[in-house]
1. So, restricting to helices (runs of 4 or more DSSP H) that lie completely within segment 1-101, which ones have at least 1 residues that are open to solvent by less than 90 Å² (accessible area, probe 1.4 Å) and touching a Phe, Trp or Tyr at 6+ places or on another chain (Cβ under 7 Å)?
2. Tell me which residues, restricted to segment 225-245, are assigned to a helix (DSSP H, G or I) and under 14 Å from the mean Cα position of the chain (by Cα).
3. Just the residues that are farther than 17 Å from His150 by Cα and of a type in the set (Gly, Ala, Ser), please, taken from segment 104-117.
4. Against the definition (buried (at least 19 other Cβ atoms within 10 Å of the Cβ) and in a helix (DSSP H, G or I)), how does Leu170 come out, yes or no?
5. Looking for something more than 30 Å from Lys200 (Cβ to Cβ), assigned to a strand (DSSP E or B) and open to solvent by 20 Å² or more (accessible area, probe 1.4 Å) - is there at least one such residue anywhere in segment 137-158?
6. Go through segment 174-212 residue by residue and tally those that are within 20 Å of Cys87 (Cα to Cα) and part of a helix (DSSP H, G or I).
7. Does Ala172 count as among the small types (Gly, Ala, Ser) and out of contact with any Gly (no Cβ under 8 Å at 6 or more places or on another chain)?
8. Hey, could you check segment 241-251 for residues that are farther than 13 Å from Ile163 by Cβ and in contact (Cβ under 8 Å) with a residue 60 or more places away in the chain and say which is least open to solvent (accessible area, probe 1.4 Å)?
Amino acid sequence: MKNIPHDYYFRFIDPSVYEDVLDFHCKGNFTFHNAIKDRTCLHRLDEKHLAQLTGNELTFYPDMNLTVEMTLSQEDREKSSYRNESCKHFSPLPLNFSDVEKLMWPLLSRSSDSYKRGYPSGGALYPAEIFLCSLTEENSNWPCVGKILHLLPGSRKFEVMQIGTDIEELKAALLPLSHDIGMPSLALIYAVYMPKNLFKYRYRGYRMALMEVGSIYMLVELQAKSLGLACRLWSAYTDSMLCKALGINPALFFPMCVHFIGKQHETY
């Protein structure tokens, strides 16, 4: 079969492996809801200890000073590829859909007769599915009434998701009320389709899926930089709410992260 239906993979997976991975993944899920916003907490660390424990580097022998200095020339540094810093605050300026297409180009298969895409995938499983969500009515030339598209990297097309989710519903699923990141124009949602992920490598497939998603969002970051767009990765969402907004089953699709894209606010 050239186009395999998504539930075909159930014929080849071990139910016990699937349940184990599902249980483990759910342990890392957040729940954001107004009804419990004053009753839940992630940790009991104060700001002093948070500052001490984050943003630093891990050294094995901190008191011995056994290090080797890097001596790259300025010319070599300028030749290096690097991403821009994460956007702190997005401008409400809309994106043209032609920029959205260019943003996806590095992820596509290089030719119509090749299944290989622009990012590596363990065993060519490609379990990561990419959903594109317009977060503003002003996105120029958005190709359809529906605000959610699904990328088909092999055929170089966008599949229109058949669900009537409006922009406010998307924002409610993606962003807690207390957010202060401005108005991103686009949300890319990287979700892993688990039956496709586990049938070949079992538990190891979950690790490979995480690696694949990381490869994808770094390619997007580099492409966004070349297009003059700003990015920010985001994890402050609840899996089930996001899956509902996309019209997908949260027991089969795991949203691994959200990637906001837009224009940088000039004052930041």
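The values are calculated or read from the model by the stated rules, or taken from the named source; none is laboratory data. Values in this document were obtained by computation on a predicted structure and should not be read as measured data. Counting neighbours? That spans all protein chains shown, and the Cβs are built from the backbone with ideal geometry, glycine included. These accessible areas exclude ligands, DNA and RNA; they are computed on the full protein's heavy atoms, side chains included. Shrake-Rupley method; radii C 1.70, N 1.55, O 1.52, S 1.80 Å.
1. Passing ranges, in order: 15-26.
2. Going residue by residue through segment 225-245, those that are assigned to a helix (DSSP H, G or I) are 225-226, 239-245.
Asp239, Leu242, Cys243, listed by residue number.
3. From segment 104-117, those farther than 17 Å from His150 by Cα are 110-116; that's our starting set.
Result: Ser111, Ser112, Ser114.
4. Numbers: buried (at least 19 other Cβ atoms within 10 Å of the Cβ): yes; in a helix (DSSP H, G or I): yes.
Considered against the rule, which asks whether it is buried (at least 19 other Cβ atoms within 10 Å of the Cβ) and in a helix (DSSP H, G or I), Leu170 comes out as yes.
5. yes
6. Summing the residues that are within 20 Å of Cys87 (Cα to Cα) and part of a helix (DSSP H, G or I) in segment 174-212 gives 1.
7. Judged against the criteria, Ala172 is a match.
8. Among them, the one singled out is Ala251.
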